[in-house]
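Report on the following structure.
The values are calculated or read from the model by the stated rules, or taken from the named source; none is laboratory data. Here the structure is a predicted model, which means the values were calculated and not measured. When we count neighbours, we look across all protein chains shown, and the Cβ atoms used for this are built from the backbone with ideal geometry, even at glycine.
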């Protein structure tokens, strides 16, 4: 059972409610910590990953009629968000925790310049990031916050666009460090009939 979709209110040019032509959903690895035992997305691949994300969006002819959805973590999410904004794609961040908690868990660990880049993205958004605890209520004992956020993102994508969502992932093809990683999202998107565009970090 999917969580209810996020209420994303965007105004159309005629003053009505804007409808996305297509939703571009993204999930990807956070940038590796320097001491990570098995590399997935080392910082040295950031430039190559940014080119791959931008190229995928260009291949999809992404633009102002599209909506991008992601969490905003350091690494793939931020690269996707920056590339979306550069192409006029409307962007909404959906996060598993309150924004302050999300930054602590998923932005600051990347060190480097990820926090100011995240803040620059948020400053350009039509709506602030949405937090699952506020939108969906307290987490049930049986729920994992990251899996719940993945399903929230996916159900929002399914509800928001005129066509089936396109899911872009920056992924090494393996399992995650815990529940709710990119592998979980890939499986859920495929089950829902979405299109998967896989950017393999092993070949960047």
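Would you mention how many residues in the range 112-126 are exposed (fewer than 13 other Cβ atoms within 10 Å of the Cβ) and part of a loop (DSSP other than H, G, I, E, B)? Break it down stepwise before answering.
Narrowing the range 112-126 to residues exposed (fewer than 13 other Cβ atoms within 10 Å of the Cβ): 112-113, 116, 119, 123-124, 126.
The next check asks that each one be part of a loop (DSSP other than H, G, I, E, B); those that pass are 112-113, 124, 126.
Adding up the residues that qualify gives 4.
Looking at 129, 145, which is the one that is touching a strand residue (DSSP E or B) at 6+ places or on another chain (Cβ under 7 Å) and either free of Cβ contacts under 8 Å to residues at least 12 places away in the same chain or surrounded by 14 or more Cβ atoms within 10 Å (Cβ to Cβ) (or both)? Even if it seems obvious, please write down each step before you answer.
On the way: 145 fails: touching a strand residue (DSSP E or B) at 6+ places or on another chain (Cβ under 7 Å).
Just a single option satisfies the conditions, and that option is 129.
Considering only residues that are out of contact with any strand residue (DSSP E or B) (no Cβ under 7 Å at 6 or more places or on another chain) and surrounded by 24 or more Cβ atoms within 10 Å (Cβ to Cβ), which ones fall in the range 63-79?
Matches in the range 63-79: 78, 79.
To keep it simple, each residue is scored yes or no on (1) assigned to a loop (DSSP other than H, G, I, E, B); (2) modelled with pLDDT of 95 or more.
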residue	(1), (2)
34	yes, no
39	yes, no
48	no, yes
54	no, yes
58	no, yes
61	yes, yes
67	no, yes
73	yes, yes
82	no, yes
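Which number in (1) surrounded by fewer than 23 Cβ atoms within 10 Å (Cβ to Cβ); (2) touching a strand residue (DSSP E or B) at 6+ places or on another chain (Cβ under 8 Å); (3) assigned to a helix (DSSP H, G or I); (4) without any contact (Cβ under 8 Å) to a residue 60 or more places away in the chain marks the one condition that residue 109 misses?
Failed condition: (4).
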